[in-house]
1. Of all residues in segment 137-193, how many are open to solvent by 10 Å² or more (accessible area, probe 1.4 Å), among the small types (Gly, Ala, Ser) and over 14 Å from the mean Cα position of the chain (by Cα)?
2. Residues that are in contact (Cβ under 8 Å) with a residue 60 or more places away in the chain, open to solvent by 10 Å² or more (accessible area, probe 1.4 Å) and touching a Pro at 6+ places or on another chain (Cβ under 7 Å): does segment 91-113 have at least one?
3. Looking at (1) without any contact (Cβ under 8 Å) to a residue 40 or more places away in the chain; (2) over 19 Å from residue 62 (Cβ atoms), can you tell me which one residue 169 breaks?
4. Do we have residue 199 as surrounded by fewer than 20 Cβ atoms within 10 Å (Cβ to Cβ) and out of contact with any strand residue (DSSP E or B) (no Cβ under 8 Å at 6 or more places or on another chain) here?
5. Select the helices (runs of 4 or more DSSP H) contained entirely in segment 60-163, then report the ones holding at least 1 residues which are farther than 30 Å from residue 41 by Cβ.
6. Any idea which of 181, 160, 210, 200 is closer than 20 Å to residue 55 by Cα and either in contact with a helix residue (DSSP H, G or I) (Cβ under 9 Å, 6 or more places away or on another chain) or of a type outside the set (A, V, I, L, M) (or both)?
7. With the requirement that a residue be without any contact (Cβ under 8 Å) to a residue 12 or more places away in the chain, of a type outside the set (D, E, K, R) and open to solvent by 60 Å² or more (accessible area, probe 1.4 Å), what does segment 69-86 give you?
Amino acid sequence: MVTSEPPRRTGRLVGWLAFVLALTAIAYAGRLADTETPDDLAYRYSSSVAALVQYGLMLGILLLIARGLPRAEMFALRRPASWPRALGLAVVALVAIWLAAAALAPFLDADEEQGLVPDEWDSSRAGAFVAFFLVVSVVAPVVEELTYRGLGFTLLAPYGTWVAILATGILFGAAHGLVAGLPVLTVFGIATAWLRARTGSVYPSMLLHGVFNGAALLLSVTVAA
């Protein structure tokens, strides 16, 4: 019996690639337009609302691409075989990312490029900061991991595990629209994809992503304070 699944998966892969390449084009177009990021981005409720709308649209498109297929399989929504092992691997990946960032720091001035990290603590707008923190450390990691280490990894895995790891890592880095920050973001994407491959689950990479983002935000206001 001949199955239609391979061409169906190929079509979905094309759709997914078109989606993430569109995200990349939009990100770099915004950079070329030289749009200035407000210094107090993390202290505006409007930032959190805009991000929620963006991630909601992304999630909707992902579900549309994966429509008709088992979501648990396509997005790797399954528990790792061993949580202690998965957490250990997550620590290894996180340390590797931090070491790579430290090694590249003398050559790349990427700290301020994205503009998401505040320069100082503003206690009068703590509520807006908490809202932003939740979006950046919870919502963003969930949707971005579902995009790259979930659906993207699953669609690319038939071409080889390392193809999936490298391709999703590079595309993840590029989708942020940065130049100086691209190498570190690519290392981040590759490390989290490696974690996804080793655990067979998207949950550990979501956790790592959330810890990374949350630590960066908290460190920025702690040091500033």
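The values are calculated or read from the model by the stated rules, or taken from the named source; none is laboratory data. Everything numeric here is computed off the predicted structure, so don't read it as measured data. Note that we place each Cβ from the backbone using ideal geometry, even for glycine, and neighbour counts take in every protein chain shown. Each accessible area value is taken on the protein alone, full model and side chains, heavy atoms only, with ligands, DNA and RNA left out. Shrake-Rupley method; radii C 1.70, N 1.55, O 1.52, S 1.80 Å.
1. Result for segment 137-193: 3.
2. Within segment 91-113 (the criterion being in contact (Cβ under 8 Å) with a residue 60 or more places away in the chain, open to solvent by 10 Å² or more (accessible area, probe 1.4 Å) and touching a Pro at 6+ places or on another chain (Cβ under 7 Å)), the answer is yes, since at least one residue qualifies.
3. For residue 169, the failing item is (2).
4. Here the answer is no, as residue 199 does not meet what is asked.
5. 71-74, 83-104, 153-156
6. It is 210.
7. 70, 83, 84
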